[in-house]
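The values are calculated or read from the model by the stated rules, or taken from the named source; none is laboratory data. Everything quoted here is computed from the prediction, not taken from an experiment. Neighbour counts run over all protein chains shown; Cβ positions are idealised from the backbone, glycine included. With ligands, DNA and RNA removed, areas are computed over all heavy atoms of the protein, side chains included. Shrake-Rupley method; radii C 1.70, N 1.55, O 1.52, S 1.80 Å.
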Amino acid sequence: MSSIGKIVKISGPLVVAEGMRDSNMFDVVRVSKKRLIGEIIEMHGDRASIQVYEETAGLGTGEEVESTGEPMSAELGPGLIGSIYDGIQRPLSAIRKICGNNLERGVEVTSLEREKKWLFTPTVKVGDNVEGGDVIGTVPETDIVLHKIMVPNGINGKVKSIKEGEFAVDETVCVIDTGNGEKELSMMQKWAVRRGRPYSKKLSPDMPLVTGQRVVDCLFPIAKGGVAAIPGPFGSGKTVTQHQLAKWAEADIIVYIGCGERGNEMTDVLNEFPELIDPKTGKSLMERTVLIANTSDMPVAAREASVYTGITIAEYYRDMGYSVALMADSTSRWAEALREMSGRLEEMPGDEGYPAYLGSRLAQFYERAGRVISTGKEGREGALSVIGAVSPPGGDISEPVSQATLRIVKVFWGLDANLAYQRHFPAINWLTSYSLYADSLADWYNNNVSADWMTLRGRFMAILNDEAELKEIVKLVGMDALSAGDRLKMETARSIREDFLHQLAFHEIDTYTSLKKQLYMMKLIMNFHDEAEKAVAKGADIETVSNLPVREKIGRFKYVAEENTDDEYSRLSTEISAELDKCKEM
């Protein structure tokens, strides 16, 4: 039921209106004759505090506020893929047709295009019993995404009629006899963004989300349906890392949320993604991507809506049985919006002015991730993995947003400004980062890649930790004071850092590394270390061993094309043995 009130107070994005007794929490409202979009976030009697998602300059007290009687909802259906939306799911391409390059206030456009026709192919027939989550038909949304039209949750019954052919998203394609009347279904459904979509069962995170980034897949893996945080100071590579994960992670659908980030970063995505060819399909990456752009010059309050809209779209594709990866860049900007609104509501502040409910809001967002069995009779398996960037001021991760995030997520990819300035990409610090999924993924790696995978990973981590301790000794007494065994450890650690962990994002081969090739690289480095250890024990000179020609070839193995890795690995394994055997004889 809609109600109309009057504005009594305006404080930035916060508008307070009286006479809203018939409204509910989180109802969407239209503010003033400009029809600005807002959302009720607090109710006291008939006074409603409204978070306005557009610029409020020029509003005055006494102007009308009209409630729509519905919560903030996302339109879900064919046409999402390849679109770029603002924070409240208005397509920027449609807005541009109306008002040009300058975003005007109060523009009303539908999230999904109503004129475009989609080819609907039924998968059920008249007389079939269906329930919420069942697929009633399919639509080829792009060349690589088959959109499954599902019965909205809460609707059960018998198919009375179903059509085949080309229809707009809001046209009726199926009629369900529910027993309490007939329900007409179109290819589009709406879902309140603040409420997670239901599922039948949540599965354990025992399968990795393969990214092709060696430091992630080997040392700090993320599970399908897992959550990860990428905190780091300005310039340390958060956005570039998320771009790499969006391009190469083994996900069917990518949802990329630019939450309060600079406009040029979203421009990079828009320029790069259409040109990038998906290696699995040979098609443009945009054919499986949804972009939500809420840049830093857009209204602050809309950052919260952009995060919820993005994860609702991601859950929708997860329910179809797809693996979805969601990139949120950055949740710190969303937290800043929460802090501003909390201050204007005159709430009691928590740490550094953030609201006391910051942790619970972040948890509600991240906990919508997971690998699940969908609702419906067939029970499709889908996964939603969430990777959130955090931008702590000055790179200080002891601040509230970073700490609240770390209490929720299970993977911490800590970016290091010093590594970034040394041109080490990805600048993920191997001494401070961690993954709590590693143990639960061990069986998958051992069964699907190699029984040696976790052993090699453990040895890599041990050598890198030993190197950190040895560096402190070297600072005090110099390299010459180390034993030959310790100097070899330092050399192996350098090889791990420079040859394995360092990865060129813009190199056509090195930008992505398969798990098989990663295994070969780990084996080559450790084979050399083990053979060199034997040679040094037999009296070989450590300088000679460190400068053998085969070491450079091991380092260049990452530039070998995937189809040539088997032959090159065999050849290098033989060379390692031959060169170190000569050292033993000297």
Given the Cα atoms of segment 298-455, and with Rh set as the inverse mean 1/r over their pairs in the Kirkwood sense, what is Rg to Rh to two decimals?
-> 1.02
The Rg/Rh figure for the chain, Cα atoms and Kirkwood Rh, to two decimals is 1.04
With a 10 Å radius around each residue's Cβ, average the other Cβ atoms per peptide and rank 422-428, 446-452, 18-24, 215-221, highest first.
-> 215-221, 422-428, 18-24, 446-452
Calculate, for segment 295-392, the solvent-accessible area per residue in square angstrom, rolling a 1.4 angstrom probe over the heavy atoms of the protein chains.
-> 28 Å²
Divide the volume of the convex hull of the Cα atoms of segment 1-137 by its number of residues and quote the answer in cubic angstrom per residue.
-> 146 Å³
Label-reachable residues, segment 35-60, where backbone N falls under 17 Å from a point 7 Å from MET25's Cα toward its Cβ | 39-51
Percentage, to the nearest whole number, of Cα pairs in segment 187-251 over 20 Å apart | 46 percent
Projected onto the charge dipole of segment 257-382 (+1 at Lys/Arg Cβ, -1 at Asp/Glu Cβ, origin at the Cα centre), which of GLY382, TYR308, ASN264 gives the Cα projection farthest towards the positive end?
-> GLY382
Based on the Kirkwood radius over alpha-carbon pairs, what is the Stokes-Einstein translational diffusion coefficient of segment 470-586 at 37 °C with 0.692 mPa s viscosity, in µm²/s?
-> 218 µm²/s
Give me the compactness ratio for segment 115-248, meaning the Cα radius of gyration over 2.2 N^0.38 Å.
-> 1.44
Evaluate the charge dipole of the chain about its Cα centre and quote only its size in Debye, nearest 20, assuming +1 on the Cβ of each Lys and Arg and -1 on the Cβ of each Asp and Glu.
-> 660 debye
How many nm is it between the label spots at SER577 and SER200, if each spot is 7 Å from the Cα in line with the beta carbon?
-> 5.2 nm
Rank by packing, highest mean first: peptides 96-102, 479-485, with packing defined as the count of other Cβ atoms within 10 Å averaged across residues.
-> 479-485, 96-102
So for LYS247, LYS410, what's the accessible-area order with a 1.4 Å probe, most first?
-> LYS410, LYS247
Separation in nanometres of the label points that stand 7 Å from Cα toward Cβ, at ILE4 and ASN101 | 3.9 nm
Report, in degrees rounded to the nearest 10, the 0 to 90 angle that the Cα long axis of helix 438-448 makes with the longest principal axis of the chain.
-> 70 degrees
Sorted by accessible area with a 1.4 angstrom probe, largest first, how do LYS9, LYS163, LYS582 fall?
-> LYS582, LYS163, LYS9
Rh (Kirkwood, all Cα-Cα pairs) for segment 393-518, Å, reads 16.9 Å
Rounded to the nearest 10 Å², the 1.4 Å probe accessible area of MET188 is 40 Å²
Zone reached by a paramagnetic label modelled 7 Å from LYS377 Cα along Cα→Cβ, restricted to segment 110-150 with backbone N below 20 Å, covers 121-139, 148-150
To the nearest 10 Å², what's GLU347's accessible area with a 1.4 Å probe?
-> 60 Å²
Carbon and sulfur atoms account, in whole percent of the 1.4 Å probe accessible area of segment 1-89, for 47 percent
